[in-house]
1. Take the conditions without any contact (Cβ under 8 Å) to a residue 12 or more places away in the chain, surrounded by 17 or more Cβ atoms within 10 Å (Cβ to Cβ) and not acidic (Asp, Glu) and apply them to Arg119. Does it pass?
2. Can you find a residue that is among the aromatic types (Phe, Trp, Tyr), assigned to a helix (DSSP H, G or I) and more than 14 Å from the chain's Cα centre (by Cα) anywhere in segment 80-101?
3. Could you pull out the residue among Lys89, Lys142, Lys160 that is surrounded by fewer than 17 Cβ atoms within 10 Å (Cβ to Cβ), of a type outside the set (S, T, N, Q) and in contact with a strand residue (DSSP E or B) (Cβ under 9 Å, 6 or more places away or on another chain)?
4. Which one of these is at pLDDT below 95, in contact with a helix residue (DSSP H, G or I) (Cβ under 6 Å, 6 or more places away or on another chain) and not aliphatic (A, V, I, L, M): Gly71, Gly163, Gly151?
5. Could you run through segment 15-50 and say how many residues are open to solvent by 20 Å² or more (accessible area, probe 1.4 Å), closer than 21 Å to Met1 by Cα and among the aliphatic types (A, V, I, L, M)?
6. Could you list all residues from segment 1-14 that are among the polar types (S, T, N, Q) and surrounded by 19 or more Cβ atoms within 10 Å (Cβ to Cβ)?
7. Looking only at segment 65-79, which residues are open to solvent by less than 40 Å² (accessible area, probe 1.4 Å), not hydrophobic (A, V, I, L, M, F, W, C) and not in a strand (DSSP E or B)?
Amino acid sequence: MNYAEIKNLDIANGLGIRVSLFVSGCRNHCKGCFNYMTWDFDYGEPFTEKVEEKILSLLAPSHISGLSLLGGEPFEEENQAVLAPFLEKVKARFPQKDIWAWSGYLLDADLLNENGRKRTEHTQRMLDCLDYLIDGRFVEEKKNLALEFRGSENQRIWKKTDGEWKVISK
């Protein structure tokens, strides 16, 4: 897996001050995507153990609220295989910090559903580590700059509480 960017001290992608990882590779190709260069799976740099350790060290300070995972598309099959064990490391080392993810795929239809189109042997491991998920493709015709943490009105914010996913904003 490649990644496009790591942002430290990010205040735009989730609650609080965060570390954000932008992965490479996306098959959604949403019209008007602000990050279209990350559609290419070869864009950016390889996600190595050294990069993992860098992110873990950036997450260590107490003023960092957690990790945000964006793209590209974290739930592309190739990315899930790498991200699942990494997210487990993050949760093990920093159980008090939350993890947010953005996906163009739908949580209920594509990820949780056993027959979902992006369901792999790694999907549940990733979902088990997440606290928030913003799902749904970016739809340029539904773009709304006033929305918090979303780009278009069709996207939903899910929060996991006691192991159950609930929509907290439509």
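The values are calculated or read from the model by the stated rules, or taken from the named source; none is laboratory data. It should be emphasised that the depicted structure is a prediction, and the values quoted were computed from it without experimental measurement. We place every Cβ from the backbone using ideal geometry, glycine too, and count neighbours over all the protein chains shown. With ligands, DNA and RNA removed, areas are computed over all heavy atoms of the protein, side chains included. Shrake-Rupley method; radii C 1.70, N 1.55, O 1.52, S 1.80 Å.
1. Considered against the rule, which asks whether it is without any contact (Cβ under 8 Å) to a residue 12 or more places away in the chain, surrounded by 17 or more Cβ atoms within 10 Å (Cβ to Cβ) and not acidic (Asp, Glu), Arg119 comes out as yes.
2. Scanning segment 80-101, I find no residue that is among the aromatic types (Phe, Trp, Tyr), assigned to a helix (DSSP H, G or I) and more than 14 Å from the chain's Cα centre (by Cα), so the answer is no.
3. Lys142
4. Matching residue, one of Gly71, Gly163, Gly151: Gly71.
5. The number of residues fulfilling the criteria is 1.
6. Passing the criteria: Asn2, Asn13.
7. Once the filter is applied, which keeps residues that are open to solvent by less than 40 Å² (accessible area, probe 1.4 Å), not hydrophobic (A, V, I, L, M, F, W, C) and not in a strand (DSSP E or B), segment 65-79 yields Gly71, Gly72, Glu73, Pro74, Glu76, Asn79.
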